[in-house]
1. Restricting attention to the stretch 21-64, which residues are among the aromatic types (Phe, Trp, Tyr) and in a helix (DSSP H, G or I)?
2. Among the numbered criteria (1) under 30 Å from the mean Cα position of the chain (by Cα); (2) surrounded by 10 or more Cβ atoms within 10 Å (Cβ to Cβ); (3) at pLDDT below 95, which one does Arg13 miss?
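The values are calculated or read from the model by the stated rules, or taken from the named source; none is laboratory data. Just so we're clear, the structure is a prediction, and the values are computed from it rather than from any experiment. Counting neighbours? That spans all protein chains shown, and the Cβs are built from the backbone with ideal geometry, glycine included.
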Amino acid sequence: MATNPFTFLQEVRAEAGKVTWPTRRETVITTILVMIMVVFASFFFVAVDQTLRLAVRFILSLGH
(Lines give C-alpha, C1' and ligand atoms only; values in the text may rest on other atoms or scores of the structure.)
Protein backbone atom coordinates (compact mmCIF):
# COMPACT_ATOMS: atom_id res chain seq x y z
CA MET A 1 0.00 0.00 0.00
CA ALA A 2 1.56 3.30 -1.11
CA THR A 3 1.66 6.12 1.40
CA ASN A 4 2.27 9.78 0.91
CA PRO A 5 5.81 10.59 2.20
CA PHE A 6 4.45 13.57 4.15
CA THR A 7 1.84 11.39 5.84
CA PHE A 8 4.50 8.78 6.59
CA LEU A 9 6.74 11.36 8.28
CA GLN A 10 3.81 12.63 10.34
CA GLU A 11 3.07 9.10 11.51
CA VAL A 12 6.74 8.48 12.35
CA ARG A 13 6.85 11.66 14.39
CA ALA A 14 3.64 10.73 16.22
CA GLU A 15 5.02 7.27 17.06
CA ALA A 16 8.34 8.73 18.24
CA GLY A 17 6.39 10.97 20.59
CA LYS A 18 4.89 7.88 22.25
CA VAL A 19 8.31 6.49 23.14
CA THR A 20 9.31 6.63 26.79
CA TRP A 21 12.94 7.76 26.59
CA PRO A 22 15.30 6.81 29.44
CA THR A 23 16.66 9.51 31.69
CA ARG A 24 20.33 10.43 31.63
CA ARG A 25 20.84 8.60 34.95
CA GLU A 26 19.19 5.43 33.64
CA THR A 27 21.36 5.56 30.52
CA VAL A 28 24.57 5.97 32.54
CA ILE A 29 23.66 3.14 34.94
CA THR A 30 22.72 0.81 32.08
CA THR A 31 25.95 1.63 30.23
CA ILE A 32 28.05 0.87 33.33
CA LEU A 33 26.21 -2.41 33.89
CA VAL A 34 26.76 -3.42 30.26
CA MET A 35 30.49 -2.66 30.56
CA ILE A 36 30.72 -4.73 33.76
CA MET A 37 28.95 -7.65 32.07
CA VAL A 38 31.31 -7.40 29.08
CA VAL A 39 34.33 -7.61 31.42
CA PHE A 40 32.86 -10.62 33.24
CA ALA A 41 31.98 -12.33 29.96
CA SER A 42 35.47 -11.74 28.58
CA PHE A 43 37.08 -13.23 31.72
CA PHE A 44 34.73 -16.21 31.49
CA PHE A 45 35.55 -16.88 27.84
CA VAL A 46 39.28 -16.48 28.43
CA ALA A 47 39.06 -19.00 31.28
CA VAL A 48 37.06 -21.47 29.16
CA ASP A 49 39.45 -21.00 26.23
CA GLN A 50 42.52 -21.61 28.40
CA THR A 51 40.93 -24.67 30.03
CA LEU A 52 40.07 -26.17 26.64
CA ARG A 53 43.56 -25.33 25.33
CA LEU A 54 45.17 -27.13 28.27
CA ALA A 55 42.84 -30.11 27.89
CA VAL A 56 43.55 -30.45 24.17
CA ARG A 57 47.30 -30.04 24.76
CA PHE A 58 47.15 -32.77 27.44
CA ILE A 59 45.21 -35.15 25.19
CA LEU A 60 47.58 -34.57 22.29
CA SER A 61 50.62 -35.11 24.54
CA LEU A 62 49.35 -38.58 25.40
CA GLY A 63 50.17 -39.68 21.85
CA HIS A 64 53.86 -38.84 22.14
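1. Going residue by residue through the stretch 21-64, those that are among the aromatic types (Phe, Trp, Tyr) are 21, 40, 43-45, 58.
Correct list: Phe40, Phe43, Phe44, Phe45, Phe58.
2. (2)
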